[in-house]
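Structure first, commentary second.
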């Protein structure tokens, strides 16, 4: 360290914390979130001259003001949470699955294909086929990088990243192939008249089934990671591959198995996006959520409930910033900017959870 | 013949954007930091240059072309380096995860750039569509005399100065990384930070410098895209983002060597635009053709890992935070 002074002791030393009380953890995270919101408020004020309090109230109205808005925020939240839940086991294993975007799209393509070509089937059978097909497609899309990582240690971050763009082009291919009406370069609403393959409405909304499915996934993933042998193996591989090998865990197989699961859930997110929400397919079916969900899973430390909460926060910011943008005639990319800033703050706050600073002169007191 | 020439020209335009991104990312990755924020950084570079020149051209009666270019380059470098600084601070000083921080930077950068790019007019209260005619013309000025030399002139000399700057920069980067002492130190930091630290190399300083300067170079790619590729306007269509990821892909394709980035970038350009020059393709099958650069990158990635040759591997400590007190 450059700042060595008289006693040869640096001004600030860092030490890893063993553990921090849960209350303190939550406190640090909430604190960083508050500072981030404050910072964004000042920034919005500087750019637009609007009163930050009014801005946040407008955002709240934009996200939760009417029933339709609440459902659209919930829809966004569930989509993000579903992908994050899918990514959680892979990331816990320290397998960098950056390919969720592609896995979602592949699931969406298969779903749309079923809706287009199998619409004569009875509805329950069709939905079951769409469910299974999208899960298998997502799993297979994730399998390829997993096999290469397991066998030849091919860098999975870069491999899965590239697979996204192959999937995006594949989506564009099918959009051009299925376009309706001709020349519009969009698929349009699939089965608009018969609604074959659409989620049936429950309690007055078609999103209800998606909500139930995602909550079910959340609970199952929590149990899987925490209380099963598989979950334990994932944790060991994530902590140290060598330890896992020494303990007799077949690391390659755990990787492949976990990635199949991860890809399948991401594929199902595509299924829900197509059959449960938009009823069409385009490259914006995933729309960058595959990347955002990575941050959600990471910040939540793969805990299901926290993933749902962070997804809610991001969905709120998304719809809220959209409202400000349309009210002030600015474009709605403002939401991405705000999300980025908030993520920076939360990411930075992790440091204070994992490390503590020891100032010169005070050493010895808090030493463990 | 003329269609071949126009394909090559399109490939050079396209390749130059990603070559800047690739050179910057090679510098960053050689110091052991995988920065997935390249798309965001290129966005920041592009918008900074546009805003700076927009303000300058709006404020003066007779904007000087040379000054315009200087302002654009300086602004893009600084804007992008600032993005790099955020990433460096979070990953080095606060030891946040590199991949996650990089992705957050990509979201942030594209948000900032598209926000200002899209609302610059509303905020400034003038002009219909943003345009910076003087600067754009200066960027697109071709090599005098030589560009008139028939086919050869068209293929080699019909570009703005940034195309040549990219090639020169790639050469300089190759020389710096593999033939100078500071380059060797930097690579040691990326391969084995513990050893570098023990040998008295300042790991933190090397990483900070590599990330910020690397980001600045990526920013040139954004500036070239805005000023030359789309002729001094702004487009909210996400194409910089796509190009940014291709730049990351190109780093792998070039196996972390700046000299390979030169021909790799042009090859990516040819692969990307080839569909326009193959007769009888439907619009759907064109999309399949646009997959080629990514598929080729995957193949390169797989082949290098299969052959396992030491020369062609990623830096050994790529993506890992260095914490001296940790064993």
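Taking B:268, B:20, B:156 as the candidate residues, the one with maximal mean-square fluctuation in a Gaussian network model of chain B, Cα springs under 10 Å, is B:156.
Cα centroid separation, the stretch B:200-216 to the stretch A:14-90: 32 Å. Calculated FRET efficiency, residue B:180 to residue B:62, Cβ-Cβ distance, R0 = 30 Å: about 0.10 to the nearest 0.05. Among rounded, prolate and oblate, which fits the stretch A:30-73 when a ≥ b ≥ c are the square roots of the eigenvalues of its C-alpha gyration tensor, a/c under 1.5 means rounded, and a/b larger than b/c means prolate? Cα axes put the stretch A:30-73 in the oblate bin.
If contacts are Cα pairs under 8 angstrom and at least 6 residues apart, what is the relative contact order of chain A in percent?
Details: 547 pairs, mean separation 127.3, N = 368.
35 percent.
Count, for each residue of A:165-177, the Cβ atoms from other chains sitting within 10 Å of its Cβ, then give me the mean as a whole number.
Rounded to a whole number, the mean comes out at 6.
Take every Cα-Cα distance within the stretch B:249-300, group them into 5 Å bins from 0 onward, and report for each bin the whole-number percent of pairs it holds. Bin by bin from 0 Å, the calculated values are 4, 22, 27, 20, 13, 9, 4, 1. The alpha carbon gyration tensor of the stretch B:2-312 gives principal lengths a ≥ b ≥ c with a/c of 1.5 or higher and a/b no greater than b/c, which makes the shape oblate.
Taking the centroid of alpha carbons for each part, the stretch A:231-268 and the stretch A:94-115 are 20 Å apart. Sequence-distant contacts, meaning Cα pairs under 8 Å at least 6 residues apart, place the relative contact order of the stretch B:2-312 at 36 percent. Put the Cα centre of the stretch B:1-38 next to the Cα centre of the stretch B:233-301 and the gap is 9 Å.
Take every Cα pair under 8 Å whose residues are at least 6 apart in sequence, average their separation, divide by the length of the stretch B:86-205, and the relative contact order is 11 percent. Which of A:256, A:42, A:12 moves most in a GNM of chain A, Cα contacts under 10 Å? For chain A, modelled as a Gaussian network with Cα springs under 10 Å, the answer is A:12. Residues A:343, A:220, A:127, ranked from the fewest to the most other C-beta atoms within 10 Å, line up as A:220, A:127, A:343. Based on the alpha-carbon gyration tensor of chain A and its eigenvalue square roots a ≥ b ≥ c, which shape applies: rounded if a/c is under 1.5, prolate if not and a/b is larger than b/c, or oblate? Oblate.
From least to most packed, judged by other beta carbons within 10 angstrom and beginning with the fewest, A:271, A:316 follow the order A:316, A:271. Partner shielding of A:147-155 amounts to 4, given as the average count of beta-carbon atoms from other chains within 10 Å of each residue beta-carbon.
Fewest first, what order do B:3, A:123 take by the number of other Cβ atoms within 10 Å? The partial results should precede the final answer.
Values: B:3 10, A:123 14.
Neighbour counts put them in this order, fewest first: B:3, A:123.
Per-residue ellipticity at 222 nm, computed for chain B from helices alone with -39500 (n - 2.57) per DSSP H run of at least four residues, works out to -23500 deg cm²/dmol.
Return the Rg/Rh value of the stretch A:1-121, two decimal places, where both radii are evaluated on C-alpha atoms and Rh is the Kirkwood radius.
Numbers: Rg = 23.4 Å, Rh = 20.3 Å.
Answer for the stretch A:1-121: 1.16.
Among B:214, B:238, B:83, the largest mean-square fluctuation in a Gaussian network model of chain B, built with springs joining Cα atoms closer than 10 Å, belongs to B:238. Per the Kirkwood formula applied to alpha carbons, the protein assembly as shown shows a radius of gyration over Rh ratio, Rg over Rh, of 0.96.
Just so you know, all these numbers are worked out from the coordinates, no wet-lab data involved. This is a predicted model, so every value here is computed, not measured. Cβ sites come from the backbone with ideal geometry, for glycine too, and all protein chains shown count toward neighbours.
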